[in-house]
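Peer 1: The structure that follows is given in the form of structure tokens.
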Amino acid sequence: MKLVAIGDIHGRTVWKDILEKEKPDIAVFMGDYFDSFDISGEAQIENFNNIVQFKEDSKNTKVMMLYGNHEHHYMRSFEIYSGYQQENALNINRALNHARQLGHLQVAYLFDDLLFTHAGVSTEWLIKHAKYTSLDTVAEEINELFRVDLSVFDFVGFSQTGDNVESSPLWIRHNSLLRSNKDKEIKQKYRQVIGHTPTEDLNLGTYEKYLGGRYIPIDTLNTGQYLVYEDKELSAGKI
């Protein structure tokens, strides 16, 4: 069983080359399909719709599409972050709503001991918003919140970058993840695969030291790198 996780898209079409090369059983898109500064809004929408179409048509690859903060501000229009495209906002909102209504978007995905979200999950946020009845149901509880109440994923705190332990899985940053999860249970049970914070190099050895091996940041698509998980082993792929 091979899983490939692809970092923040931002309109890039390189995902097609990655999937053609790897032919994975599971493909996880980490969110942020929109808000490129050098790709037209129309092309970004087309690319997003192509991913949705690939998910619908693919017979050999299970496709998981995670939801990021650069989707959220088109669904919650009073929240506007960098890159927001006012001229394309209505069409992006329509594309996102269509995908959400069909069940193509979600916030969390769990595979083995790997918990995938756009930015990461803190215990503090879970306790505040989710039932948090069992670590085994964390992903299901987060996705149920996404289905019924988008407001729990809104931006919180005073840090403009979202560096707050109560930030949602769309916004939390590395420093806050390291400070969070006070009960340690979620850290012990899961390794979290995250995007959101751009990283130049997917060097798994470096992050083993830097983030204690429990957080694996893969917003590296700008350098053509992505994560491969096969036979219980993690490795860095490059296109």
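The values are calculated or read from the model by the stated rules, or taken from the named source; none is laboratory data. Just so we're clear, the structure is a prediction, and the values are computed from it rather than from any experiment. With ideal geometry, Cβ positions are generated from the backbone for all residues, glycine too; neighbour counts draw on all protein chains shown. The area values use the complete protein model at the heavy-atom level, side chains included, leaving out ligands, DNA and RNA. Shrake-Rupley method; radii C 1.70, N 1.55, O 1.52, S 1.80 Å.
Peer 1: Can you work out which of the residues in the stretch 106-120 that are in contact with a helix residue (DSSP H, G or I) (Cβ under 6 Å, 6 or more places away or on another chain) and small (Gly, Ala, Ser) is nearest to Leu96 (Cα to Cα)?
Peer 2: Per the criteria, the residue is Ala108.
Peer 1: Quick check on the stretch 119-131. Is at least one of its residues under 19 Å from His10 (Cα atoms) and charged (D, E, K, R)?
Peer 2: no
Peer 1: Give me the pairs, please: first residue somewhere in the stretch 153-164 and more than 15 Å from His73 (Cα to Cα), second residue anywhere and among the hydroxyl-bearing types (Ser, Thr, Tyr) and surrounded by 19 or more Cβ atoms within 10 Å (Cβ to Cβ), beta-carbon distance under 7 Å, and either six or more positions apart or on two chains.
Peer 2: Within 7 Å, the pairs are Gly157/Ser167; Asp163/Ser176; Asn164/Ser176.
Peer 1: Please go through the stretch 106-131 and give me each residue that is open to solvent by 50 Å² or more (accessible area, probe 1.4 Å) and either in contact with a Lys or Arg (Cβ under 6 Å, 6 or more places away or on another chain) or in a loop (DSSP other than H, G, I, E, B) (or both), ordered by number.
Peer 2: Once the filter is applied, which keeps residues that are open to solvent by 50 Å² or more (accessible area, probe 1.4 Å) and either in contact with a Lys or Arg (Cβ under 6 Å, 6 or more places away or on another chain) or in a loop (DSSP other than H, G, I, E, B) (or both), the stretch 106-131 yields Asp112, Lys131.
Peer 1: Still on this structure, I have one more. Which count do you get for residues in the stretch 25-42 that are in contact (Cβ under 8 Å) with a residue 40 or more places away in the chain and closer than 15 Å to Ala5 by Cβ?
Peer 2: First, pick out the residues of the stretch 25-42 that are in contact (Cβ under 8 Å) with a residue 40 or more places away in the chain: 26, 28, 30-32, 34-37, 41-42.
Narrowing the set further to residues that are closer than 15 Å to Ala5 by Cβ leaves 26, 28, 30-32.
Going through the stretch 25-42 one residue at a time, the tally reaches 5.
Peer 1: Return the residues of the stretch 132-165 that are open to solvent by 50 Å² or more (accessible area, probe 1.4 Å), farther than 19 Å from Ser82 by Cα and either under 17 Å from the mean Cα position of the chain (by Cα) or aromatic (Phe, Trp, Tyr) (or both); say none if nothing qualifies.
Peer 2: Once the filter is applied, which keeps residues that are open to solvent by 50 Å² or more (accessible area, probe 1.4 Å), farther than 19 Å from Ser82 by Cα and either under 17 Å from the mean Cα position of the chain (by Cα) or aromatic (Phe, Trp, Tyr) (or both), the stretch 132-165 yields Glu140, Glu144, Arg147.
Peer 1: Next question, about the same structure. Which is farther than 27 Å from Glu230 by Cβ, of a type in the set (Val, Ile, Thr) and free of Cβ contacts under 8 Å to residues at least 40 places away in the same chain, of Ile45, Ile80, Ile92? Can you show your working first?
Peer 2: Working: Ile45 fails: free of Cβ contacts under 8 Å to residues at least 40 places away in the same chain; Ile92 fails: free of Cβ contacts under 8 Å to residues at least 40 places away in the same chain.
From the options Ile45, Ile80, Ile92, the qualifying one is Ile80.
Peer 1: Do we have any residue at all in the stretch 226-237 that's under 16 Å from the mean Cα position of the chain (by Cα) and among the charged types (D, E, K, R)?
Peer 2: no
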